[in-house]
Structure formats: structure tokens, C-alpha cells
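Starting off with a structure, shown below.
The values are calculated or read from the model by the stated rules, or taken from the named source; none is laboratory data. Computed from a prediction, not measured in an experiment: that's the story for all the values here. Here Cβ is always computed from backbone atoms with ideal geometry, including for glycine, and neighbour counts include all displayed protein chains.
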């Protein structure tokens, strides 16, 4: 019991206590620069329900999350399968992937800001000198931000899948070969089903990260142009620290928090159901 | 497949993944390009390489201070998280703790905790305790935020150690502290390394807290300094590229030199029951 005390104390003081505090803040009108601090009940949340900017941010969050996680799964499984076929040079191949994963999100944002440069950006040059303004065009910005995020986080999915592939016993493949299964059949009947559970876990972690993603859009676009890349987290941050509405911003944070918890809970149920069926 | 075809396939995979890392290598190249050639493309390759951007960043910007801050804060965060987390992990892995199921659930739930959810109260707390702009404030926040994952990973690694080793030590009359020091810690070394690397990277890369709790260069970390990198009349792409490369130096070193531990930690974090 004594052994757990420091952990409990640290988590209590810097996670649980602020977690309760943010709930309390979300029930207040609190704008320090005007000296406003009074109890507001559910006012902040009632306002959110009719706040067009909130629903737009919720929509952006959903699109960003679904698109980035879907891309990560497809590319991640592909990369894992590719590395798994390698006889030699696996460590080198993994290094390239891990390089992207280990970057701070802010660095990734800077790398892509440069790639997206309208005139000298590698992407426009590769596309044949179109002067597309990736980060400034409301129709393109969210896609551009999503791609930058996928680049940095897909390796996580790939590495988990690759580790799972290593654990599949070789005789399973030999048996499939003896039974005359072709490559495609082996892939769809053996490999992919065995990846199922780890993929679900990878998707869980990635979804949670995507829902609370902040750095990449904050640095790349700051939520713009025309708020098209403003997710709930970015909206919450702007409300908290740019317009200094501590109560309202906290209400937004509480929504993000609730969203993350609901998704985590749903996935865990799904995982448990899956493990019973398997 | 014939050996030649095999080798070719291996080369293709490596080439494809090297292409995946182009955003990094392009920035690396940019950081050595002469100023006048930055916005001219093609040619892809510069006429000569220059260190001038690095010189600007190291001599005229706040990056050196930020590097020092990040190095210190990430190292201290790692130390604090391990020192606090190790006994906790041992209890979770080996001791009958009342309410363990709930405790584990709480640990898992707190790894899912979004930073934005606690940033406003923590900001008030930091302000109240006068910890804004200090290493102490950031280390405390980073360490507590990394703690759930630290405990989770370490508990998993401790369970992998055969319990017989500990039992033998206690039969020989070693107390808990001695058993821990001479039996558990040495066997745990690779696991400790994996956990430490992930904690270090978390702290090195963390932006939201570091950005919010800092107003001056006293505790400004690398990601914050990079995000705020100043340009007077135009964006100094070459200097930013050089600064980005400095910011990614530790992550790159870890990936290249300590890959084994990194992968082990990553996988363990996801799969342990």
C-alpha cells in the first residue's frame, strides 16, 4: 500500500483534482480580465448546444478523426506486411518509420508547412507546379492537416501490426501452403483475421489521440482558414487562452473529455465482446 | 522466390519506406541550403552546402536555451516518473492490493485523459503556486501525466520476471528494499530502458502544457520555441529547418541507436493485459 502512495498522490494532485476542478470551472462564468467569476449552472453547456462554431468544430473533429485513423490503418497494415516480407534490412526499414513517429508534432508541422509552401513546396512541385495554397485554402486545409498527422502517427499502427505478425507461428503458413492456399487466400483467411485484435487496439489508441489532437493544427493553421481546421480541442484552447473565457473554455474541455471517455468505453466493450467470441 | 527476386523485393520495400521519410530528409537538406536557393526549385539539390542557418540558430536565437531547457526537463521528468512509478508498478504487479481492479481501470482511464481537459485548472494551479515559467512546474505536470503509462509498462515488465528469483532472495533473508535493488532492478533493466525512452520522448515532444505554462525563455522547451520561431519580414525557412533538425536530434538518436528498446516499449504499452 505504501508503495502505491507516491503514484496515488501524484495522480490525485495533478490529474484527478484538476479533473474535478475543470468540471467546477465549466459551471461558471469566469473571465478574469473583466473580473467576472460567478456560478452559471449549465449555462455554458446550453450555449454550446446552439453554438454554430461548436457544431462546426465537432464536425471537423469527426472528419479529422475518421479520415486520419482510416488512412493510418490502411497504410499501417500495408507497411507492416511489406516489412514482414523482408529477408534483410528490416531494422533499416523500421528506422524510417520510427523516424516519423518519434518527431515532435511541432516539428512535423514545420516539415509539412515547408512541403506545402505554395511556391517552393515539394508537394506542389511534384504535382506539376500547381500553385495550390494547401494551408490557406478552406477547401484543402483540413486534408493537408490530416495528411501531416497521418504521416507522423501511421508508424504506430504499423509497428503494432508488425509485432503481431512476428508472433504468428510459421507452421500456420506452411499448413496453408500444403492445403494449396494461394497468397491472397493466406492473406485474407489467416493474416488479416489474426491482426484483428491488435488492430482494434491500435485503432482505439489512435482514435483517442486524434480526438484530442492539438499541436498539429494549432501550429500548421491555428484553426484557420475560416475555422475549417478548428477542432474541439483547438476551439477549447482558443476560448481558454486567447479570449480568456475560463468557464466557457472549460465547458468545451469537458465535452472533449466526455467524448474521449465514451469512445474508450465503447471500444473496451467491443474488445471484451471480441475476446469472448474468439 | 529466387534469391535475386527476393533481394529486389527487399530493396523495393526499403526504398518505399525511405520515400516515406522524405519530409524529414527534405528539411534536413533545406537546413544546409544557401539562403538564395531556398525558394528556387528545381533544381532539387543545392549548388553548395552551408552551415549558416545553424550558425544563426545557435548564435542569434533562443534555441540553445530551449535545447537546454528541454534536455533538463525531459531528463528530470523521466527520473521523477520512474522513481514514483517503480514502487507503484511493483505493488500492482506483485502485491495483493485491495481494489486492484479499480486501480488498474483508473490507470488505463488516465492514459486516455486528454490534456486539454486539465489545462485550465493546472494553469490556475501553476499560477497560484508561482510555478509558471519554472522547470519544476513542467516537470511535475509532465511526470504526473506520463505516470499512468510508466506504471502500466513497468508493471508488465515486472510480471515477466520469474517470481522465483525474488522468493529465493527473501528466503536468503533479503528485505524488500534489498530484493528490489539486487534482484528486481537488474532483471528489469531492459524494461526500465524502454519505459524511460518513452517517457523522455513524451516530455521532449509535449507542446500544450509547455506552451501554456511558459511566458519567457526561462522554461521554454524546444517545441514551443520552434512554434514561436520568429521571422521579422519574411519566414526564415532555412533557419526554421535548422531549428527543426536540432529539435529532432534526440528522437532521431533514440530511433537509430536504441530502436530495440523503443519498439519493445511501444508494443508492450499496447498489448499488456
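Being outside any helix (DSSP H, G or I) and either modelled with pLDDT of 90 or more or at the interface with chain A (Cβ under 10 Å from one of its Cβ atoms) (or both) is the filter here; which residues of the range B:1-47 pass it?
B:1, B:21, B:32, B:33, B:34, B:38, B:39, B:40, B:41, B:42, B:44 - these are the residues of the range B:1-47 that are outside any helix (DSSP H, G or I) and either modelled with pLDDT of 90 or more or at the interface with chain A (Cβ under 10 Å from one of its Cβ atoms) (or both).
I'd like to know if the range A:100-110 contains one or more residues that are surrounded by fewer than 23 Cβ atoms within 10 Å (Cβ to Cβ), in contact with a helix residue (DSSP H, G or I) (Cβ under 8 Å, 6 or more places away or on another chain) and more than 30 Å from residue B:203 (Cβ to Cβ).
No: zero hits.
Exactly one condition in (1) within 21 Å of residue A:205 (Cα to Cα); (2) in contact (Cβ under 8 Å) with a residue 12 or more places away in the chain; (3) more than 7 Å from every other protein chain (Cβ to nearest Cβ) is not met by residue B:102; state its number.
For residue B:102, the exception is condition (2).
Same structure again: Out of B:97, B:185, B:83, report the one residue that is free of Cβ contacts under 8 Å to residues at least 24 places away in the same chain and more than 13 Å from chain A (Cβ to nearest Cβ).
B:185
Could I ask something else about it? Please list, ordered by residue number, the helices (runs of 4 or more DSSP H) wholly in the range B:172-222 having 2 or more residues that are within 20 Å of the chain's Cα centre (by Cα) and under 23 Å from residue B:251 (Cα atoms).
The helices (runs of 4 or more DSSP H) meeting that bar are B:185-205, B:208-212.
I would also like to ask the following. Which of (1) out of contact with any helix residue (DSSP H, G or I) (no Cβ under 7 Å at 6 or more places or on another chain); (2) touching a residue at least 40 places away in the same chain (Cβ under 8 Å); (3) under 30 Å from residue B:32 (Cβ atoms) is the odd one out, the single condition residue B:134 does not satisfy?
(3)
Please work out if residue B:227 is under 25 Å from residue B:49 (Cβ atoms), crowded, with 19+ Cβ neighbours inside 10 Å and either within 9 Å of another protein chain (Cβ to nearest Cβ) or more than 16 Å from the chain's Cα centre (by Cα) (or both).
For residue B:227, the condition - under 25 Å from residue B:49 (Cβ atoms), crowded, with 19+ Cβ neighbours inside 10 Å and either within 9 Å of another protein chain (Cβ to nearest Cβ) or more than 16 Å from the chain's Cα centre (by Cα) (or both) - is not met.
Only one of A:211, A:160, A:172, A:200 is closer than 30 Å to residue A:269 by Cα, more than 9 Å from chain B (Cβ to nearest Cβ) and under 24 Å from the mean Cα position of the chain (by Cα). Can you tell me which?
Matching residue, one of A:211, A:160, A:172, A:200: A:200.
Anything in the range B:1-30 that is more than 23 Å from the chain's Cα centre (by Cα) and in contact (Cβ under 8 Å) with a residue 40 or more places away in the chain? List them, or say none.
B:30
For the range B:112-131, give me each residue that is at the interface with chain A (Cβ under 8 Å from one of its Cβ atoms) and without any contact (Cβ under 8 Å) to a residue 40 or more places away in the chain.
Residues satisfying the conditions are B:112, B:113, B:114, B:117, B:118, B:120, B:121, B:124, B:125.
Looking at residue B:109 and the list (1) free of Cβ contacts under 8 Å to residues at least 24 places away in the same chain; (2) in a loop (DSSP other than H, G, I, E, B); (3) within 22 Å of residue A:8 (Cβ to Cβ), which single condition is not satisfied?
Of the numbered conditions (1) free of Cβ contacts under 8 Å to residues at least 24 places away in the same chain; (2) in a loop (DSSP other than H, G, I, E, B); (3) within 22 Å of residue A:8 (Cβ to Cβ), the odd one out for residue B:109 is (2).
Further, regarding this structure: Can residue A:247 be described as surrounded by fewer than 23 Cβ atoms within 10 Å (Cβ to Cβ) and either in contact (Cβ under 8 Å) with a residue 12 or more places away in the chain or more than 10 Å from chain B (Cβ to nearest Cβ) (or both)?
no
What residue, of B:68, B:62, is closer than 21 Å to residue B:204 by Cβ and either at pLDDT 95 or above or touching a strand residue (DSSP E or B) at 6+ places or on another chain (Cβ under 9 Å) (or both)?
B:68
Could you list all residues from the range A:134-176 that are over 30 Å from residue A:102 (Cβ atoms) and out of contact with any helix residue (DSSP H, G or I) (no Cβ under 8 Å at 6 or more places or on another chain)?
The answer is A:137, A:138, A:139, A:169, A:170, A:171, A:174, A:175.
When you look at residue B:56, is it surrounded by fewer than 14 Cβ atoms within 10 Å (Cβ to Cβ) and either in contact with a helix residue (DSSP H, G or I) (Cβ under 7 Å, 6 or more places away or on another chain) or within 30 Å of residue A:156 (Cβ to Cβ) (or both), yes or no?
No, not satisfied.
Looking at (1) more than 7 Å from chain A (Cβ to nearest Cβ); (2) under 30 Å from residue B:216 (Cα atoms); (3) modelled with pLDDT of 90 or more, find the lone condition where residue B:141 falls short.
(1)
Moving on. Pick from B:67, B:62: which is within 14 Å of chain A (Cβ to nearest Cβ), surrounded by fewer than 24 Cβ atoms within 10 Å (Cβ to Cβ), more than 16 Å from residue B:197 (Cβ to Cβ) and touching a helix residue (DSSP H, G or I) at 6+ places or on another chain (Cβ under 9 Å)?
So the residue among B:67, B:62 that is within 14 Å of chain A (Cβ to nearest Cβ), surrounded by fewer than 24 Cβ atoms within 10 Å (Cβ to Cβ), more than 16 Å from residue B:197 (Cβ to Cβ) and touching a helix residue (DSSP H, G or I) at 6+ places or on another chain (Cβ under 9 Å) is B:67.
For residue A:37, are the conditions met, namely being over 30 Å from residue A:228 (Cβ atoms) and surrounded by fewer than 16 Cβ atoms within 10 Å (Cβ to Cβ)?
yes
If you check residue A:76 against the conditions, is it touching a helix residue (DSSP H, G or I) at 6+ places or on another chain (Cβ under 6 Å) and buried (at least 18 other Cβ atoms within 10 Å of the Cβ)?
Here the answer is yes, as residue A:76 does meet what is asked.
Among the residues in the range A:260-269, are any under 30 Å from residue A:42 (Cβ atoms), in contact (Cβ under 8 Å) with a residue 12 or more places away in the chain and outside any helix (DSSP H, G or I)?
Checked the range A:260-269: no residue is under 30 Å from residue A:42 (Cβ atoms), in contact (Cβ under 8 Å) with a residue 12 or more places away in the chain and outside any helix (DSSP H, G or I).
Can you pull out every residue in the range B:233-259 that is without any contact (Cβ under 8 Å) to a residue 12 or more places away in the chain and either surrounded by 19 or more Cβ atoms within 10 Å (Cβ to Cβ) or more than 9 Å from chain A (Cβ to nearest Cβ) (or both)?
Once the filter is applied, which keeps residues that are without any contact (Cβ under 8 Å) to a residue 12 or more places away in the chain and either surrounded by 19 or more Cβ atoms within 10 Å (Cβ to Cβ) or more than 9 Å from chain A (Cβ to nearest Cβ) (or both), the range B:233-259 yields B:233, B:234, B:249, B:253, B:255, B:257.
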